[in-house]
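Q: Shown below is the structure under consideration.
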Amino acid sequence: MSNSMKEKSWFSYYLKSASGVVGGILVLIMVMISLLSALGITPHDPLIQDPINSLQGPSAKYWFGTDQFGRDILSRCMDGMRRSMTVSVTAVSIATLVGVFLGVLGGYFGKVLDGLVVRFSDVIFSFPAILLALAIVNSLGNSSTDTSIAIAVVYTPIFIRVARGPVLSVKEMDYVKAVRILGFSTPKVLFSHILPNVLPPIVIQIALSMSWAILTESGLSFLGLGTQPPDASLGLMVSEAQALAAFAWWTLAFPSIFITIAVVGLNLVGDGLRDSLDPARRSS
Amino acid sequence: MTNPLISISNVTISTTDDDRTLVNSVSFDIAPGEAVGVVGESGSGKTLTALSLLGLLPRGVHVTSGSIIYNGNDLLLADREKLRTIRGNEIAMIYQDPMTALNPVMKLGVQLIEVIESHDGDSSSATERVMTAFAEVGIPDPKRAYESYPHEFSGGMRQRVMIAMALILSPQLLIADEPTTALDVTIQQQILALVVQERRKRNMSMLWITHDLGVVANLVDRVIVMYAGRVVEIGSVNDVFTNPQHPYTAGLLSSLPKASDINRTRLISIPGIPPKPWTVGNSCAFSPRCERADDKCRSSLPGLSQNSHTLAACFHLMGGGA
Amino acid sequence: MTLSITDVTKRYKIRVTGGQVNALNGVTIKLSVKETLGIVGESGCGKSTLARIIVGLEQPTTGTVTWDSQSIFDKAKNMISSKHSKIQLVFQDPYSSLNPRQKIGDSIAEVLKVHKLVAKQAISDRIGELLTEVGISQELAHRYPHQLSGGQRQRVSIARALASQPDLLVLDEPVSALDVSVRAEVMNLLIDLRERLGLTYIFISHDLSMIRHISDHIAVMYLGRIVETGPWEAVLENPRHPYTRALISAMPDHTVVGSTTYQAPLSGEVPDPAAMPTGCAFHQRCPIAVPSCSVNTQDLRTIEPRHQIACQEVK
């Protein structure tokens, strides 16, 4: 006779989270926009200038209006969103792979290896995040790849920490000891037993990191680092719009809205994941 | 019972959010100077019942009906101030984990002084009273204990401090929720000897909650057996242990190894697991696991009724016995 | 096939104070095949440390543990030698002994695959056999641990341990965390398995009644040493060491109802393993101690066939 409970997948819990659902919709919109841009499907070519129609407000032809060169703001926003998403995904992927790898190894093996891992992440932590990203981009060069690397470096220690902590407690669990006694090799123990049980905080952190990455990419390009004109970047567009906003509000409003949607959307997805993956917070 | 010290009648406890019943219509009395044991497994509702006496139910759980009459007052209707004056002073409680009952950043002596000061106005002789209390519970160096913090003491010693704290105002009723379960068996014996001694001295009533039948057998006068939120059997400890009438009680007792059994015969186990109280409809909660169950058991609820040995809630009593 | 534990000690350094904890102070056990050894003791006696050392989770500070004259731990690979999946451990806590993210059938399948014990096509059948062996319905193979009760989880843990076809099962308080009405079922299962599969057990518990029920031979531990060992009837009916006698009389007995006297047989507390008493570890609490007890450490000596105690004062 079993004491069975209906097995609810994490997804059904996720759907119960208001933040998760709203965030999920926003993120889906962002992803679709980025895909369309990547495929070249934008209302106009983001680089083509139309000087006669420069600084026109939203119209039937240019839904979000035009910038100082007559370029379609909507198309440029879509392009910018694609760049932000690409940087974010690249950077966070690298940070996750490197950070989780180091965190798991340090946490599981302890002693000298752990000491090195912790010192390494302490060194990076000791720099203020934005400044470090700035410094790295500045020295590497101004492209999206360099921005990705900069963000990846800054975020690796966070993944080290997010992975290492749970590993420290999971490795003491009886079920881990049981499979060691059963003679399982260390890689098997790490992949089949430790990693699956430390995933939730990592997954949540991925969502939150992507949110921050988009903000940082925008911030860096706002400062003139990262993506260079004439390429479209949301941060760059905001920077250029500073002088124009007083009489051409659409040059500032739309890029800002896109940045906001991306950042808030990913943040809410992080909340939704937290609500659905953490057994303690689940409402039954 | 005439003139009980405390009388619990039809107390039902449910969750606040979704109205799941956790304790279902529990009734029993405790006479002055009597020790009553409540035995049951996890989910039986024994701890919640005890907590309800002092209005200490956790958040999300509340008493939905019934009464708890103490000294002519219904404790369930009493206001906070009234309950506060009773707690510690007239009804005291000791718990399984002294570390959660004792403040880790406060000296032990001061914690007992606090108990005195929050009830009696008179704190002039408080320090002396604390020293005496420590000595009475067998703490070897009361002066040192007064100045110590909980973490400096062992589990057994902390339990003694908790008992001192509970008894310092000479309560009429001591409620104990598994206070010796986490202790080594030789230390448990010391604590039980202390409790028995103090009870005799003060003629104090006791409500002792445990899942350990061996402890109960030599500690209390009467036993209440709880299962899935209900009382299923009540009787003197002798009757319940030597002639249990409810199949659950009988099954529990026969599943334990006996020290007198030279042949180490196979234990008789009860198949299945206890149900959650709120999933049991109008039927005997034990029927799915009971050999003697029939359709009547599955479709109607047996009430507590007196038989030749005990009060038991069953349509097919074990019978037999001397 | 025998388990040989020879003069095992285990010391832990306390980093903060620089002191050390003597968890085990010279334990020697020779276990014959198909025998069940019950190890009983209270906190600080070292029984759980001993269990971990026997299965290879920890290394003794000094002394050796061998199975069939071979060491359990493979120093070269720095892991428990997989040959020695012949010694398995069943843990106390049914809630942490199974991977919460693995279906229980998969937990067992994993063992079969790692040890290549069964051909791929036969794995599913073997899982079914093992679950049936421990009294679990085969349908439950698709469930996750949190969908099972404590008693069921403990059975699954036993099935997983059996999957590697062990000769020796170390059981560390296997029923202590279960509800009272469920314990009998698991105890009966363990006894049945022992008969059917010819297993050797080391059964560790603080509960003398369970130890009594299942053991052929009993070892009583106190502060890292064995103070008495012998056949179960000898140790329980005729205990000779003062600690064993105190332990037995402290055991709650539900068959003896309403005895009016309640006397604690033993005063004081177990000394801190970081501050071991000199001489016999028990002398401070011992009712028959003499001055020389605080000087001489006691070794086990035989007083009857197979019955040994570590006490100079018992004749």
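Q: Along the Cα→Cβ direction, 7 angstrom out, place labels at A:Asn53 and A:Asp278. What is the inter-label distance in nm?
A: Here the modelled spin labels are 4.9 nm apart.
Q: From the backbone phi of the stretch A:216-221, what are the Karplus-calculated ³J(HN,Hα) couplings (6.51 cos²θ - 1.76 cosθ + 1.60, θ = phi - 60°) in whole Hz, Gly and Pro given as x?
A: Rounded to whole hertz, the list is 5, 4, 5, x, 5, 6.
Q: Heavy-atom accessible surface, probe 1.4 Å, ligands and DNA/RNA ignored: which residues of the stretch A:163-192 lose at least 30 Å² versus the isolated chain?
A: A:Asp174, A:Tyr175, A:Lys177, A:Ala178, A:Arg180, A:Ile181, A:Leu182, A:Gly183, A:Phe184, A:Lys188
Q: Quantify how strongly other chains surround peptide C:175-186 by giving the mean number of their Cβ atoms within 10 Å of each of its Cβ atoms.
A: 6
Q: Where is the GNM fluctuation largest for chain A (alpha-carbon springs, 10 angstrom cutoff): A:Glu172, A:Glu217, A:Glu240?
A: Of A:Glu172, A:Glu217, A:Glu240, the Gaussian network model singles out A:Glu172 as fluctuating most.
Q: Right, another one. Using only alpha carbons, build the gyration tensor for the stretch A:96-144 and give me the equivalent ellipsoid semi-axes, biggest first, whole Å.
A: One finds semi-axes of 27, 12, 7 Å for the stretch A:96-144.
Q: How long are the three semi-axes of the equivalent ellipsoid of chain A, in whole Å, if each is the root of 5 times an eigenvalue of the C-alpha gyration tensor, listed from largest down?
A: Its equivalent ellipsoid spans semi-axes of 42, 23, 13 Å.
Q: Return the whole-Å distance between the Cα centroid of the stretch A:194-246 and the Cα centroid of the stretch C:184-219.
A: One Cα centre to the other: 62 Å.
Q: Can you work out the PRE-style zone for A:Arg119? Point 7 Å along Cα to Cβ, and I want the residues of the stretch A:140-176 with backbone N under 18 Å.
A: Once the point is set 7 Å along Cα→Cβ of A:Arg119, A:157, A:161 turn out to lie under 18 Å by backbone N, inside the stretch A:140-176.
Q: Given the protein chains as shown and a 1.4 Å probe, how many square angstrom of A:Thr86 are accessible, to the nearest 10?
A: Accessible area, nearest 10 Å²: 70 Å².
Q: Sequence-distant or interchain residues sharing an amide H contact under 5 Å with A:Ser143, placed H: which?
A: Under 5 Å from the amide H of A:Ser143 lie the amide H atoms of A:Gly226, each far enough along the sequence or on another chain.
Q: If you build the convex hull over the alpha carbons only and average its shadow over all orientations, what do you get for the protein assembly as shown? Give it in nm² to one decimal.
A: For the protein assembly as shown, the mean projected area of the Cα convex hull comes to 48.3 nm².
Q: In whole angstrom, how far apart do the alpha carbon centroids of the stretch B:1-79 and the stretch B:241-308 sit?
A: First find each Cα centre; the distance between them is then 23 Å.
Q: With viscosity set to 1.567 mPa s and temperature to 4 °C, compute the Stokes-Einstein D of chain C, Rh being the Kirkwood radius across alpha carbon pairs; µm²/s, no decimals.
A: 62
Q: Using alpha carbons only, how many degrees (0 to 90, rounded to 10) separate the axis of helix A:129-140 from the longest principal axis of chain A?
A: Once rounded, one gets 70 degrees.
Q: Using a 7 Å offset from Cα along Cα-Cβ at B:Asp74, what residues in the stretch B:39-65 end up with backbone N under 20 Å from the label point?
A: Taking a point 7 Å out along Cα→Cβ of B:Asp74, the residues of the stretch B:39-65 whose backbone N falls under 20 Å are B:49-57, B:61-65.
Q: Where in the stretch A:242-271 is the amide nitrogen less than 15 Å from a point lying 7 Å along the Cα-to-Cβ axis of A:Gln68?
A: Taking a point 7 Å out along Cα→Cβ of A:Gln68, the residues of the stretch A:242-271 whose backbone N falls under 15 Å are A:242-252.
Q: What residues have an amide H closer than 5 Å to that of C:Gly38, excluding those fewer than 5 places away on the same chain, when H is modeled at 1.01 Å from N in the peptide plane?
A: Under 5 Å from the amide H of C:Gly38 lie the amide H atoms of C:Phe203, C:Asp216, C:His217, C:Ile218, C:Ala219, each far enough along the sequence or on another chain.
Q: Another question, then. Using 18 Å as the Cα-Cα cut-off, could you pick out the over-long pairs in A:Lys177/C:Lys86; C:Lys34/C:Lys86; C:Lys47/C:Lys315; A:Lys111/C:Lys13; C:Lys30/C:Lys315?
A: Table pairs above 18 Å Cα-Cα are C:Lys47/C:Lys315; C:Lys30/C:Lys315.
Q: In addition: Among B:6-12, C:201-207, B:263-269, what's the highest-first ranking by average C-beta atoms within 10 angstrom per residue?
A: Descending mean neighbour count gives C:201-207, B:6-12, B:263-269.
Q: Still on this structure, I have one more. Bin width 10 Å, origin at 0, all Cα-Cα pairs of chain B: what percent of pairs per bin?
A: 6, 25, 32, 23, 11, 3, 0
Q: For A:Val112 and C:Gln121, what is the calculated FRET efficiency with R₀ set at 51 Å and r taken between the beta-carbons, to the nearest 0.05?
A: Efficiency at R0 = 51 Å is approximately 0.65.
Q: To continue, here is another question. Work through the residues other than C:Val180 whose Cβ is under 12 Å from its Cβ and net out their charges, Lys, Arg +1 and Asp, Glu -1.
A: Combined, the nearby Lys, Arg, Asp and Glu give -4.
Q: Could I have the simple spin-label model distance between C:Ser71 and C:Ser4, label points 7 Å from Cα toward Cβ, reported in nm to one decimal?
A: The two pseudo-label positions are separated by 1.4 nm.
Q: Using the alpha-carbon centroid of each, what span in Å lies between the stretch B:92-134 and the stretch A:9-85?
A: Cα centroid to Cα centroid, the span is 67 Å.
Q: In Å², nearest 100, what accessible area do chains B and C bury in total when the solvent probe is 1.4 Å?
A: Buried surface at the B/C interface: approximately 3900 Å².
Q: Gain in length, B:Ser67 to B:Asp17, computed as 0.36 nm per residue apart minus the alpha-carbon separation, to one decimal in nm?
A: Gain in length upon complete extension: 15.8 nm.
Q: Something else now. Enumerate by residue number the trypsin sites (Lys or Arg not before Pro) in the stretch B:33-126 meeting two conditions: DSSP loop (anything except H, G, I, E, B), and at most 12 other Cβ atoms within 10 Å of the site's Cβ.
A: Listed in order of number, the matching sites are B:Arg59.
Q: Toward the positive end of the charge dipole of the protein assembly as shown, about the Cα centre and with charges on Cβ (Lys, Arg +1; Asp, Glu -1), which of C:Leu3, C:Met251, A:Thr66 goes farthest?
A: Sorting the options by dipole projection puts first C:Leu3.
Q: Averaged across B:214-222, how many Cβ atoms of other chains sit within 10 Å of each residue's Cβ atom?
A: 4
Q: Separate question: Could you tell me which chymotrypsin sites (Phe, Trp or Tyr not before Pro) in the stretch A:200-266 are loop residues by DSSP with no more than 10 other beta carbons within 10 angstrom of their beta carbon?
A: A:Phe247
Q: Something else about it: Can you list the DSSP H helices in chain C whose Cα atoms extend at least 18 Å along the helix axis and whose mean Kyte-Doolittle hydropathy is 0.0 or higher?
A: Membrane-span-like by this criterion, though nothing is claimed about a membrane: C:180-197.
Q: Looking at A:Leu195, B:Gln245, C:Gln263, which one has the Cα that reaches farthest to the positive end of the dipole of the protein assembly as shown (charges on Cβ: Lys, Arg +1; Asp, Glu -1)?
A: A:Leu195
Q: Scan around C:Leu199 for amide H atoms under 5 Å from its own, H built in the peptide plane at 1.01 Å from N, and keep only partners 5 or more places away or cross-chain.
A: none
Q: Of C:Pro94, C:Pro291, C:Pro166, which has the largest mean-square fluctuation in a 10 Å C-alpha GNM of chain C?
A: Its mean-square fluctuation being the largest, the pick is C:Pro291.
Q: In nanometres, what is the gap between the two model label sites at A:Ala18 and A:Leu223, each 7 Å from Cα along Cα-to-Cβ?
A: 3.7
Q: Mind checking which lysines have their C-alpha under 17 Å from B:Lys143, skipping anything on the same chain fewer than 8 residues away?
A: B:Lys107
Q: Enumerate the whole-percent occupancy of each 5 Å bin, from 0 to the last occupied one, for all C-alpha pair distances of the stretch B:1-160.
A: 1, 8, 14, 17, 17, 15, 13, 10, 4, 1, 0
Q: Another question about this same structure. Given a Förster distance of 30 angstrom, what is the FRET efficiency for B:Arg144 paired with C:Lys315, based on the Cβ-Cβ distance and rounded to 0.05?
A: 0.15
Q: Kindly provide the helix-only [θ] at 222 nm of chain B, computed as the sum of -39,500 (n - 2.57) over DSSP H runs of four or more divided by all residues, to the nearest 500 deg cm²/dmol?
A: Result for chain B: -9000 deg cm²/dmol, rounded to the nearest 500.
Q: Shifting gears a bit: Out of the total accessible area of chain B (probe 1.4 Å, heavy atoms of protein only), what percent is carbon and sulfur?
A: Exposed carbon and sulfur together represent 50 percent of the surface.
Q: Over all residues in B:246-254, what is the mean tally of Cβ atoms on other chains that come within 10 Å of each residue's Cβ?
A: That average works out to 1.
The values are calculated or read from the model by the stated rules, or taken from the named source; none is laboratory data. Computed from a predicted structure; not experimentally measured. Cβ: placed from backbone, ideal geometry, glycine included. Neighbour counts: every protein chain shown. These accessible areas exclude ligands, DNA and RNA; they are computed on the full protein's heavy atoms, side chains included. Shrake-Rupley method; radii C 1.70, N 1.55, O 1.52, S 1.80 Å.
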